[in-house]
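Chemist: Before I ask anything, let me first share the structure, which is written out below as structure tokens.
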Amino acid sequence: MNGADTLSTQIDTYLASRRQAGFALHIDGQQLKRFAAFTDKVGHRGPLTVKLAMRWATDSRGKRPLTAARRIEVLRPFYRYWQQFDPATEIPPRWLCGRAHRRLTPHIFADHEIRSLLLACRRLCPVGGLRGASCAAIFGLIAATGLRISEATGLTRSDVDLERLLLHIRRAKFGKERWVPIHVSVARALRRYAQRRDREPLAANAEAFFVFDYGRPASTRSVEYAFKLLRAALKWRARGGHPTPRIYDLRHSFICHRLEDWYAQGLDIDRSILALSTYVGHVKVTDTYWYVTATPELMAIAAQRFMRGTGGVS
């Protein structure tokens with residue numbers, strides 16, 4: 001391969017073909033562009049090699065092994081794609097820099113923390129504006145349904161059926177769609193929000209369900225920024241493996257609390273968890289089973305049930 005322009009062009013072609021197949025590849029695309037810039041910087045010519053992949057993977061500012069592993073994970077599919085045009089391409093081994101994924105323990109929100117978060121939204125600027133009301137409604141919806149933040153901010157008016165108690169999620173992960181039933185109390189809260197929203201002239205005709213001041217749709221980025229401000233104001237300390245609590249932890253909390261309730265009720269988790277997995281939009285039920293080991297509370301409950309089931313001491 002000769003020149004960064006050629007590599008960058010081939011990366012564009014690769015990304016276009018993958019996106020046509022339904023893969024968003026936002027982060028992967030950015031990383032591959034950086035890889036093309038790196039090959040130009042080091043003056044690489046010739047086939048794509050394992051040595052080149054390793055040089056780029058370990059060239060990050062923080063030199064973290066996990067970053068290197070994830071970079072290798074991004075490169076491998078592109079290398080396989082390019083091998084059909086250049087058989088001399090050397091595909092890096094999967095674990096060349098170690099495992100690319102590790103699941104950190106989430107911050108599981110207590111009920112009082114969620115209440116504090118929703119109340120704190122009232123202090124967002126402009127005070128009394130639609131931004132605070134929208135953020136409170138979004139955070140409350142995620143806590144009550146386990147939606148992803150992008151799924152919540154992507155809702156349009158036509159996606160929200162408060163009479164039938166249904167949300168139509170059109171922009172789910174991997175391009176999938178699903179219907180999400182909601183509790184009557186959630187519908188009541190969303191109805192109150194919609195009435196508040198439609199009192200704003202610039203928001204009354206917006207297509208988006210969640211709208212900020214001046215008729216601007218609530219974007220994932222803007223809601224994450226608001227959460228960052230609120231998190232600092234509330235002075236939260238993370239109880240999980242991440243440096244700080246995240247919006248995504250509201251989704252984790254929903255799943256963990258549901259499992260805790262089911263264990264407390266003595267339900268058969270193996271029969272119920274498939275429904276939960278479908279509800280939250282997991283592709284694999286094993287992704288939902290991971291939450292059984294995500295918190296000490298769930299591990300303790302599961303262990304107690306195991307001991308009772310095997311005749312051990314509870």
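Chemist: If you line up the long axis of helix 220-234 against the longest principal axis of the chain, both from Cα atoms, how many degrees apart are they, to the nearest 10?
Modeler: In the chain, helix 220-234 runs at an angle near 60 degrees to the longest axis.
Chemist: Further, regarding this structure: What angle, in degrees between 0 and 90 and rounded to the nearest 10, separates the Cα long axis of helix 184-197 from the longest principal axis of the Cα atoms of the chain?
Modeler: Roughly 80 degrees, rounded to the nearest 10.
Chemist: If you take the Cα Rg of the chain and divide it by 2.2 N^0.38 Å, with N the number of residues, what do you get?
Modeler: Scaled against compact globular proteins, the figure is 1.18.
Chemist: Okay, moving on. Along the three principal axes, how long is segment 1-64 when you take its alpha carbons, biggest first, rounded to the nearest angstrom?
Modeler: Rounded to whole Å, the extents work out to 31, 30, 17 Å.
Chemist: Any idea what the dipole of segment 111-234 comes to, in debye rounded to 20, about its Cα centre with Lys/Arg Cβ at +1 and Asp/Glu Cβ at -1?
Modeler: The calculation lands at about 160 debye.
Chemist: While we're on this one: Provide the FRET efficiency to the nearest 0.05 for the T278-T9 pair, computing r from the beta carbons and using R0 = 35 Å.
Modeler: 0.30
Chemist: Within the chain, count lysine pairs with alpha carbon atoms under 27 angstrom apart where the residues are 8 or more positions apart or belong to different chains.
Modeler: Pairs that pass both the separation and distance tests number 12.
Chemist: In addition: At a Förster radius of 35 Å, what calculated FRET efficiency corresponds to the Cβ-Cβ distance of Q195 and A24, to the nearest 0.05?
Modeler: 0.55
Chemist: If you find the alpha carbon centre of segment 6-31 and of segment 114-145, how far apart are they in angstrom?
Modeler: That distance is 36 Å.
Chemist: A further question on this structure: Only Lys, Arg, Asp and Glu count, each charged at its Cβ (+1, +1, -1, -1), so figure out the dipole size of the chain about its Cα centre, rounded to 20 debye.
Modeler: 720 debye
Chemist: Still on this structure: Using 7 Å Cα-to-Cβ label points, what is the A232/A37 separation (nm, one decimal)?
Modeler: In this crude label model, A232 to A37 measures out at 2.6 nm.
Chemist: If you don't mind, another one. Among residues other than L202 whose Cβ falls under 10 Å from its Cβ, what is the net charge (Lys/Arg +1, Asp/Glu -1)?
Modeler: -1
Chemist: Starting from the Cα-Cα distance between S185 and E163, subtract it from 0.36 nm times their residue separation and give me the gain in nm to one decimal.
Modeler: Roughly 6.7 nm would be gained on extension.
Chemist: Quickly rank 69-76, 133-140, 267-274 as a protection proxy: mean count of other C-beta atoms within 10 Å, highest first.
Modeler: Output ranking for 69-76, 133-140, 267-274: 133-140, 69-76, 267-274.
Chemist: Here is a follow-up. Just from its helices, what would the mean residue ellipticity at 222 nm be for the chain, if runs of 4 or more DSSP H residues each count -39500 (n - 2.57) and the sum is divided by every residue, rounded to the nearest 500 deg cm²/dmol?
Modeler: Numbers: 13 runs with 169 residues, N = 314.
After summing the helix terms and dividing by the residues of the chain, the value is -17000 deg cm²/dmol.
Chemist: For Q265 and R178, calculate 0.36 nm times their separation in residues minus their Cα-Cα distance, and state this gained length in nm to one decimal.
Modeler: 28.6 nm
Chemist: Given H placed on each backbone N at 1.01 Å, which residues far from F212 in sequence or on other chains put an amide H within less than 5 Å of it?
Modeler: A218
Chemist: By how many degrees, 0 to 90 and rounded to 10, does the Cα axis of helix 26-41 deviate from the longest principal axis of the chain?
Modeler: Long axis of 26-41 versus the principal axis of the chain: about 30 degrees.
Coordinate-derived values only; no laboratory data. Since this is a predicted model, take the numbers as computed values, not measurements. Methodologically, a virtual Cβ is constructed for each residue, glycine included, from the backbone with ideal geometry; neighbour enumeration extends over all protein chains shown.
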